[in-house]
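S.K.: Just dropping this structure here.
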Amino acid sequence: MIFVHIPLGIRQRLDHLAYLGVDAVLLSGFYDSPFDHLGRDVRDFTVVGSKYGSMADFKLLVTELHRQGNNSHLLAFIGYVNSLQFV
């Protein structure tokens, strides 16, 4: 298993990851966030943050991971709240 923070650019390295024997990728949160708390203060769990790409990029990454036989796992920081929720 390899731990990755940003999903962009991973697709370019999938062959290398396969060569290394990686069979699962854990993606740290890349949701839409104002980044007041290092991106853990998620504004919307259904939107990919603009600095990380788009939902289409994410779906393509997951499709390619699964095509190569890799598992993909996504972290969510459910305990954090966005400061905008208290306004």
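S.K.: Across the stretch 23-44, what is the number of residues that are under 26 Å from Arg13 (Cα atoms) and not in a loop (DSSP other than H, G, I, E, B)?
M.R.: Total meeting the criteria: 6.
S.K.: Report whether or not Val25 is aliphatic (A, V, I, L, M) and at pLDDT below 80. It would help to see each step written out before you state the result.
M.R.: Numbers: aliphatic (A, V, I, L, M): yes; at pLDDT below 80: no.
Considered against the rule, which asks whether it is aliphatic (A, V, I, L, M) and at pLDDT below 80, Val25 comes out as no.
S.K.: Within the stretch 46-58, is even one residue more than 15 Å from the chain's Cα centre (by Cα) and charged (D, E, K, R)?
M.R.: No, the stretch 46-58 contains no residue that is more than 15 Å from the chain's Cα centre (by Cα) and charged (D, E, K, R).
S.K.: If a residue must be crowded, with 16+ Cβ neighbours inside 10 Å and more than 18 Å from Ser72 (Cβ to Cβ), how many such residues does the stretch 16-42 contain?
M.R.: 6
S.K.: Residue by residue through the stretch 20-53, note down the ones that are out of contact with any helix residue (DSSP H, G or I) (no Cβ under 7 Å at 6 or more places or on another chain) and acidic (Asp, Glu).
M.R.: Result: Asp23, Asp32, Asp44.
S.K.: Please work out which residue is nearest to Thr63 (Cα to Cα), limiting yourself to the stretch 5-15 and to residues that are surrounded by fewer than 17 Cβ atoms within 10 Å (Cβ to Cβ) and modelled with pLDDT of 75 or more. Explain how you work it out, then say what you get.
M.R.: Here is the first cut: in the stretch 5-15, the residues surrounded by fewer than 17 Cβ atoms within 10 Å (Cβ to Cβ) are 5-6, 8-9, 11-13, 15.
Filter once more, so that each one left must be modelled with pLDDT of 75 or more: 9, 11-13, 15.
Numbers: Gly9: 15, Arg11: 10, Gln12: 14, Arg13: 14, Asp15: 14 Å.
Checking each candidate, the answer is Arg11.
S.K.: Taking the condition of being assigned to a loop (DSSP other than H, G, I, E, B), buried (at least 16 other Cβ atoms within 10 Å of the Cβ) and modelled with pLDDT of 80 or more, how many residues in the stretch 45-81 meet it?
M.R.: 3
The values are calculated or read from the model by the stated rules, or taken from the named source; none is laboratory data. Here the structure is a predicted model, which means the values were calculated and not measured. Positions of Cβ are backbone-derived with ideal geometry, glycine not excepted, and every protein chain shown enters the neighbour counts.
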